[in-house]
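**Student:** Would you mind keeping the following structure in view while I ask a few things?
The values are calculated or read from the model by the stated rules, or taken from the named source; none is laboratory data. Worth saying up front: this structure is predicted, and the values here are computed from it rather than measured. Heads up, the Cβs are rebuilt from the backbone with ideal geometry, glycines too, and the neighbour counts pull from every protein chain shown.
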Amino acid sequence: MGLELYLDLLSQPCRAVYIFAKKNGIPFELRTVELLKGQHLSDAFVQVNPLKKVPALKDGDFTLTESVAILLYLTRKFKVPDHWYPQELQARARVDEYMAWQHTTLRKNCLRTLWYKVMFPVFLGEPVSPETLAATLAELDATLQIFEDNSFRTRALPGGPHISLADLVAITELMHPVGAGCQIFESRPKLAAWSQRVEAAVGSLLFREAHEVILKASDFPPADASVKQKLMPRVLAMIQ
Amino acid sequence: MGLELYLDLLSQPCRAVYIFAKKNGIAFELRTVELLKGQHVSKGFLPANSPQMVPVLKDGDFVLHQSVAILIYLSCKYQTADHWYPPDLQARARIHEYLGWHADFIRGTFGVCLWTKVIAPLVGVQVPEEKVKRNRAAVDWALQLLEDQFLGDKAFLTGQRVTLADLMALEELMQVVALRNDVFEGRPRLAAWRGRVEAVLGADLCQETHGPILNILEQAANKQLPQIPPEAHPLMLLRLSRIP
Ligand SMILES: N[C@@H](CCC(=O)N[C@@H](CS)C(=O)NCC(=O)O)C(=O)O
Ligand SMILES: N[C@@H](CCC(=O)N[C@@H](CS)C(=O)NCC(=O)O)C(=O)O
């Protein structure tokens, strides 16, 4: 059995893995795991990832979870162009730095924005208090500012002159608030220009294909009661 | 200027960097940044234009944040023994898998006890009991996953040799132990793992690295901790308010 990728393009780390594999012509079987139907909680998927999360990779007998680990594994196994994860020590360290930083900052805030703004009210039918929403958006704003100023990096934005894994992880993240209807690029010309460069480097067609689902987030039909009951505790744990 | 590391040994990621550099005989200037004195928010302690966080590495003009990035940088630059960050494709992937999970489940959770028990009283607030309980439950849940899903029957978290993953994990667990939640009690597999990691590192280095955090409650009880300067209060209060 060749390479299998367990993904749901609703999830931002899954989109990063998907775009990376497609862009680099890495052959894989797509195994779609629909989170909103609770497919990640099925017995079949628990065999793949006991932690019940996507993305997950299977390469023969070898199973791997965590998007950063998967991206680095694919980078090394398929000898993709150097710019994704440069050999040069300092350039590489910049990519590692961004990927370590994002987990508890940009990633968390983008995820919370999507859930509080759209998924709770529309999909789960749970009202969100205006205070919670405002606080969430304020935190997002602050994190985006740090990201844009990037005062702690010598380069303009994550990847430097060529697209890297850091850019890919970042852009797929930012498309979460975009999917939630936030105009994050409007007042941020630097961020907007960077996102256009990343989109161009990925290719518009592939970029759009990967983001089709998230850009329709506000049209998701409401969850039925049994799905809601299954998902709720995990969602709460995830966005805390 | 050679290698400089900006650290506070009260911080778990800083200790992972410190213990790694020391163990591998990497020469560095230690730049101590005392978080409890708010030195990370005053000018002159961290490199210019740094976010207000430690650890930070400075190597000539190159400034790097994030413990994971620093550890990888050091292991490549100083060509440390392979087992820390193995070149083998699958073995290395296991380390990144662990570190990704660690960022989600351990990092934000295991540090909370220092804030609730030591820092909150110093800035005159109390973290609600409900949050403390929730944190305890999150710690227990993460420990169970750590033991069952990662350690399993192996000698170390990702295989039979010690790696960067073990260092990152040990330092987080020590934080909780120092604040009187002995996470190794009743978890013999984790306790044996700790023994193995510490045996690799050596008792002296462990004592040196863990000393400050292991003494923190006693120092607090004896009122020997520094006064947190007023300009650092807002940031501390913000951090405290973010405890879920
Ligand atoms: N740190 C992980 C995060 C994985 C993750 O949290 N995946 C989410 C989707 S974005 C998931 O599968 N959630 C389902 C659940 O927890 O119930 C990564 O980067 O791969
Ligand atoms: N992900 C970072 C975390 C760094 C971090 O959170 N450092 C804390 C100490 S453990 C800090 O400097 N906190 C100061 C503050 O946030 O005010 C790493 O692993 O290096």
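**Student:** Based on this model, can you work out whether B:R31 counts as facing chain A (nearest Cβ under 9 Å) and basic (K, R)?
**Tutor:** Details: facing chain A (nearest Cβ under 9 Å): no; basic (K, R): yes.
No, not satisfied.
**Student:** Can A:A100 be described as buried (at least 16 other Cβ atoms within 10 Å of the Cβ) and without any contact (Cβ under 8 Å) to a residue 12 or more places away in the chain? Full working, then the answer.
**Tutor:** Working: buried (at least 16 other Cβ atoms within 10 Å of the Cβ): yes; without any contact (Cβ under 8 Å) to a residue 12 or more places away in the chain: yes.
Taking the combined requirement at face value, the residue satisfies it.
**Student:** Oh, and also: Any residue at all in the range A:127-144 that is among the polar types (S, T, N, Q), within 15 Å of ligand 2 (Cβ to nearest atom) and either in the same structural domain as A:V17 (by TED's automatic domain parsing) or under 18 Å from the mean Cα position of the chain (by Cα) (or both)?
**Tutor:** Step one: filter the range A:127-144 for residues among the polar types (S, T, N, Q), giving A:129, A:132, A:136, A:143.
Adding the requirement that they be within 15 Å of ligand 2 (Cβ to nearest atom) leaves A:143.
When the remaining residues are screened for being either in the same structural domain as A:V17 (by TED's automatic domain parsing) or under 18 Å from the mean Cα position of the chain (by Cα) (or both), the result is A:143.
Yes, the conditions are met somewhere in the range A:127-144.
**Student:** Where residues in the range B:61-112 are touching a Lys or Arg at 6+ places or on another chain (Cβ under 6 Å) and of a type outside the set (A, V, I, L, M, F, W, C), which of them is surrounded by the fewest Cβ atoms within 10 Å (Cβ to Cβ)? Even if it seems obvious, please write down each step before you answer.
**Tutor:** Let us first name the residues in the range B:61-112 that are touching a Lys or Arg at 6+ places or on another chain (Cβ under 6 Å), namely B:83, B:86, B:89.
Now narrow it down to the ones that are of a type outside the set (A, V, I, L, M, F, W, C): B:83, B:86.
Values: B:H83: 15, B:P86: 20.
My answer is B:H83.
**Student:** Which one of these is within 16 Å of ligand 2 (Cβ to nearest atom), at pLDDT 95 or above and of a type outside the set (D, E): A:V46, A:V68, A:V80?
**Tutor:** Testing whether each residue is within 16 Å of ligand 2 (Cβ to nearest atom), at pLDDT 95 or above and of a type outside the set (D, E) leaves just A:V68.
**Student:** Return the only residue of B:A81, B:A48, B:A93 being within 24 Å of A:F147 (Cβ to Cβ), out of contact with any Gly (no Cβ under 7 Å at 6 or more places or on another chain) and more than 10 Å from ligand 2 (Cβ to nearest atom). If you could, list the steps in order and put the result at the bottom.
**Tutor:** Details: B:A81 fails: within 24 Å of A:F147 (Cβ to Cβ); B:A93 fails: within 24 Å of A:F147 (Cβ to Cβ).
Exactly one residue qualifies, and that residue is B:A48.
**Student:** In the range B:219-244, what residues are charged (D, E, K, R) and more than 20 Å from the chain's Cα centre (by Cα)?
**Tutor:** Going through the range B:219-244, the residues charged (D, E, K, R) turn out to be B:223, B:231, B:239, B:242.
B:K223, B:E231, listed by residue number.
**Student:** Search the range B:88-107 for residues that are more than 7 Å from chain A (Cβ to nearest Cβ) and pair each with any residue that is among the basic types (K, R) when their beta-carbon atoms are under 6 Å apart and the residues are at least 6 apart or on different chains.
**Tutor:** Matching pairs, first to second residue: none at all.
**Student:** Right, something else. Within the range B:116-140, can you find the residues that are over 19 Å from the mean Cα position of the chain (by Cα) and without any contact (Cβ under 8 Å) to a residue 40 or more places away in the chain? So that I can check it myself, show each step before the final result.
**Tutor:** Within the range B:116-140, the subset over 19 Å from the mean Cα position of the chain (by Cα) is B:120-134, B:137.
Across the range B:116-140, the qualifying residues are B:G124, B:Q126, B:P128, B:E129, B:E130, B:V132, B:K133, B:A137.
**Student:** Also, quick follow-up: Could you check the range A:94-118 and list, in sequence order, the residues that are hydrophobic (A, V, I, L, M, F, W, C) and modelled with pLDDT under 95?
**Tutor:** As a first pass, look at the range A:94-118 and keep what is hydrophobic (A, V, I, L, M, F, W, C): A:95, A:99-101, A:106, A:110-111, A:114-115, A:118.
Within the range A:94-118, A:V95, A:M99, A:A100, A:W101, A:L106 meet the criteria.
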